[in-house]
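Take a look at the structure below.
The values are calculated or read from the model by the stated rules, or taken from the named source; none is laboratory data. All values reported here derive from a predicted model rather than from experimental measurement. Counting neighbours? That spans all protein chains shown, and the Cβs are built from the backbone with ideal geometry, glycine included.
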Amino acid sequence: MKVKDESERTTNSTVFSKVQSEQNLDEVNRNEIGYAAGLGYQSDAGLLIGLRYNGSFTDFAKAGYRDDELRNARNQVFQVSLGYLIPSR
């Protein structure tokens, strides 16, 4: 699969940068198996706080992608959330 990227940067309707590129994604895994774990807290006053981690069991790229530069690379992210629950009547 090939992906084409065309983007422009403008200021006041004047184009000052234009980029065109094409990526071959045949060596990238299109599906992923992952997991998530997290903790959350809600106070009586309605304050919400959360912490979450998402990780992947599978590698991002197949063998040979970009000369194995991304060998064993996996998606992972930490998330922090803060919120307020509006009381109902």
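Tabulated data for the structure shown
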read-out: Sole residue being surrounded by 11 or more Cβ atoms within 10 Å (Cβ to Cβ), among the small types (Gly, Ala, Ser), out of contact with any helix residue (DSSP H, G or I) (no Cβ under 8 Å at 6 or more places or on another chain) and assigned to a loop (DSSP other than H, G, I, E, B), chosen from ALA45, ALA63, ALA73; value: ALA73
read-out: Residue match in the range 28-37 (condition: more than 20 Å from the chain's Cα centre (by Cα), of a type in the set (A, V, I, L, M, F, W, C) and either at negative phi or not in a strand (DSSP E or B) (or both)); value: no
read-out: Qualifying residue in the range 81-89 (condition: within 24 Å of MET1 (Cβ to Cβ) and surrounded by fewer than 12 Cβ atoms within 10 Å (Cβ to Cβ)); value: no
read-out: Residue list for the range 41-54, restricted to those being at pLDDT below 95 and within 15 Å of the chain's Cα centre (by Cα); value: none
read-out: Pairs, first more than 17 Å from LEU51 (Cα to Cα) in the range 72-88, second of a type in the set (Ser, Thr, Tyr), C-beta under 6 Å, six or more apart; value: ARG74/SER56; ASN75/SER56
